[in-house]
Each structure stands twice: as C-alpha cells, then as structure tokens.
Amino acid sequence: MDQEIDVPSFFICPISLEIMKDPVTITTGITYDRESIEKWLFLSKNNTCPVTKQVVSDSDITPNHTLRRLLQAWCTLNASHGIERIPTPKPPVSKTQIAKLFREAKRSPQCLSKCLREIRSMASHSEANKRSIEAAGASEFLSSIIINNVRNNNSVESEEAMSILYNLNLSEDALKTLVGKEGEFIEALIKLMQRGSYESRAYAVMLFRSMFEVADDPMKMTNLRPEFFIEVVQVLNDQISQQASKATLQLLIKLCPWGRNRVKAVEAGAVNVLIELLLDTSADRRTLEMTLIVLDMICACAEGRADLLNHGAGLAVISKKIMRVSKVGSERAVRILFSICKFSATPSVLQEMMQLGVVAKLCLVLQVDSGSKTKEKAREILKLHAKTWKNSTCIPSSLVSSYPS
C-alpha cells in the first residue's frame with residue numbers, strides 16, 4: 001500500500017487499528033471489525049464496549065453494510081495505489097442450518113461423523129459461527145454424543161465431539177449446564193481420559209477447567225471422585241502440553257479448597273508431580289507460581305505436608321524458589337515452609353532445614369525487600385524455632401535473645 005494514502009479514520013477498527021474487512025456494530029453504536037470485536041466479547045469474555053466502556057448487555061452484532069460498501073468503493077478508487085478490494089464477507093451460519101445437521105447426524109454413524117466434521121469446519125471460520133452453533137443446542141448435542149459413545153466404548157466420535165465442544169469457547173450458561181448434568185458428563189470425561197489419547201486427555205482437562213471456573217454449586221466440587229484427581233494429576237505428570245499443564249494447575253487451584261479435595265489430590269500423587277515441576281528448569285514463571293500455589297493449598301493438610309517431607313528434594317526446592325520466581329512465588333514458598341514449621345516440625349525436619357540452608361534463606365528474606373507478607377511469615381517461622389536454631393549465625397539476635405546460650 002502507498003504510504004501517502006490517507007485512510008479515513010472511520011474505516012479503522014478501534015481495536016486492531018487496521019482497515020476493517022467486515023465492519024459490524026454493537027449495541028453501544030460503535031463499529032468494529034467483526035474478528036476483533038468477536039475475540040473481545042466471546043474469546044476474551046469481556047462484557048464492555050472497548051471504546052465507551054459501557055456494559056454490553058446484549059451481545060448481538062449487526063453487520064454495517066453501509067460502511068462496508070463505502071469501504072469497498074474506496075478500495076476500488078485507490079486500486080492503482082496497491083489497495084486491494086475487500087471481499088463481501090459470508091454471513092454466519094444460521095441456527096436452522098445447524099439444527100438440520102443435528103437431525104441428520106442421528107441417521108447413522110456415518111452421518112454423525114460427517115456432521116461432526118462440518119460443525120468443526122463451520123466453527124473454525126468465525127466466532128459468529130461458534131455462537132450460532134451454541135445457540136442451536138450444540139452443548140446438549142455434543143455432550144450427549146460423548147456420554148453415549150463412552151458408554152458404548154466408542155471413543156473416536158467422543159474425542160471429536162469433545163475437541164469441538166472445547167473449541168466452541170462456550171458461554172458461561174452453557175458451561176454451567178455441562179457441570180449440572182447429574183454428574184453424567186463429568187463421569188464420561190473421566191472414562192475418556194482413562195482410555196483416551198494424549199490429545200483427548202488434554203482437551204478433557206481444559207474443558208474441566210472452563211466448566212469449574214463458572215461452577216457455583218459447591219456439591220459438584222466436593223463430590224468429585226478420587227478417579228477424577230488421578231486422571232487430572234496424570235495429565236500434569238505426562239506434560240502433554242504447556243497449555244494442558246497450566247489448565248490442570250488452574251483446575252487444582254479452583255478445586256483444592258473444597259471438601260476433601262486436597263487429600264484426594266495427595267492420594268493421586270500430586271505432591272511428587274508438583275515437586276518435579278518445580279525441579280524442571282524449563283518451566284516458565286507463571287507455571288512455577290501456580291505450582292507453588294497448589295502446593296501451598298495441599299500443605300494445609302497433614303497428608304500433603306507428609307508427602308512433601310518424604311520427597312528427597314521437597315524442602316530444598318521450596319527454599320530455592322524463594323526470591324527466584326516472583327513476589328507471588330516467594331510468598332507461597334514461605335507459606336509452605338510456615339505450614340511445615342507450625343504443624344510438622346519434628347527435630348529431624350528442623351535439623352534438615354538447617355543443613356539444607358532453608359534457615360539461612362529465611363534470614364535473607366528478612367534483609368531484602370521481598371514483600372511485607374513474605375517477610376512477616378519468614379519472621380514468624382524463625383521465631384517459632386529460634387531455640388532450636390539459636391546456633392545459626394544468620395538469625396537476628398532479637399529473635400534468640402530470650403533463650404539461654
């Protein structure tokens with residue numbers, strides 16, 4: 001494009017700051033490029049207008065045909081300057097088209113396979129298509145396929161239906177419906193994870209993450225069976241993908257506070273897997289932060305603390321992450337040590353902390369700006385066992401002055 005061409009400002013999308021290809025107007029009266037506003041509203045789950053900051057109560061999007069025609073005319077006029085004409089966009093698929101596909105899918109297994117391929121193709125074209133597919137009842141249709149096919153030991157269609165379901169980026173209401181299906185859907189996903197491929201297990205855990213992010217029924221979260229945690233922890237252990245690992249950590253952060261879920265996670269082997277994640281030198285900052293958050297939650301129970309202490313590298317790696325990850329990471333690592341020192345501090349544990357340099361690390365926290373919460377927790381730990389650690393040269397004299405030498 002010739003750099004001297006002045007592009008009218010009303011042709012520019014306020015989000016992408018590029019010439020619009022498919023201008024659409026939302027309920028606040030502001031026009032955006034379809035792809036940009038759909039990503040903003042549906043993929044990023046925002047509910048405000050980027051320009052006016054007003055709440056968008058109705059997510060209906062209306063094509064701005066007048067502006068599109070002006071755009072196309074302007075492109076034609078400036079074709080000699082290298083500007084290509086914007087093609088007329090295809091309209092989104094209708095609910096009627098989707099409903100017809102759903103009906104045809106019930107005729108035979110071959111029709112079902114064809115239907116799933118077409119739905120996947122339609123969904124890949126635009127966020128508008130995804131919304132139309134959801135509005136036609138895709139959540140109920142696809143979840144039923146998963147439940148029925150898992151029951152009949154047919155995993156191929158189940159895996160295809162699950163990947164489509166996840167990639168639709170379902171609305172909060174649709175996700176809540178999946179959680180509330182009398183536990184049938186959750187059970188079906190667990191069974192699919194037990195015998196599915198790496199890809200299907202990854203999709204399952206990411207779908208679980210999305211479902212439980214919006215779940216508002218405590219019973220659904222407290223009644224999860226041990227098998228659920230076994231499969232979720234196994235996904236983390238297998239390191240299928242960075243996306244799946246982060247989804248698993250987010251899922252555990254959501255679920256661990258409820259009922260006996262901490263203990264179920266420990267019994268599924270979570271502590272050992274989490275420590276191995278901390279030992280992984282390639283893990284990024286956010287992964288390390290979430291790993292420490294989950295470990296902090298799990299160490300609130302005796303079983304979690306016991307598993308951490310039984311791991312040869314448990315105390316050492318927690319100590320090492322202090323001031324090595326981020327303020328959040330340091331805070332959580334010190335909280336884990338606090339739980340150990342307050343509830344599981346046997347003489348051998350306290351001696352090990354001295355030998356591994358954990359005590360020296362806590363003393364260092366007091367001397368640097370590592371956040372007031374972290375510093376206060378470190379001070380509390382040192383106060384708790386100042387008598388045992390009084391011979392350590394790093395402990396401030398104020399903490400041990402009350403004990404005889």
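Listed values, structure above:
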read-out	value
Size of electric dipole in the chain: Cβ of Lys, Arg +1 and of Asp, Glu -1, about Cα centre, debye, nearest 20	980 debye
Set of aspartates and glutamates with alpha-carbon distance to Lys220 below 13 Å, sequence-local pairs under 8 removed	Glu182, Glu184, Glu187
Radius of gyration and Dmax over the Cα atoms of the chain, both given in Å	27.4, 92
C-alpha long axis of helix 270-279 to longest principal axis of the chain, angle in °	90 degrees
Longest segment of the chain lacking GluC sites (Glu not before Pro) that sit in a DSSP loop with at most 14 other Cβ atoms within 10 Å	183-405
Extension gain (nm, one decimal) between Leu384 and Lys106, 0.36 nm per residue minus Cα-Cα	93.4 nm
When each of Lys176/Lys373; Lys176/Lys320; Lys254/Lys383; Lys176/Lys264; Lys39/Lys321 is checked by Cα-Cα distance, pairs over 29 Å	Lys176/Lys373; Lys176/Lys320; Lys254/Lys383; Lys39/Lys321
Kirkwood Rh in Å, taken over region 154-239 so that all alpha-carbon pairs contribute	13.0 Å
Helix 184-195 axis, angle to the chain major axis (alpha carbon atoms, nearest 10°)	70 degrees
For region 111-181 and region 208-255, distance of Cα centres in Å	20 Å
In degrees, nearest ten, helix 358-367 long axis to first principal axis of the chain (Cα)	70 degrees
Fully extended contour minus Cα-Cα distance, from Arg225 to Gln194, at 0.36 nm per residue	9.8 nm
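Values in this text are rule-based calculations from the coordinates and carry no lab data. Since we're looking at a predicted model, the values are computed, not measured. Glycine also receives a Cβ, built like all others from the backbone with ideal geometry; neighbour counts cover every protein chain displayed.
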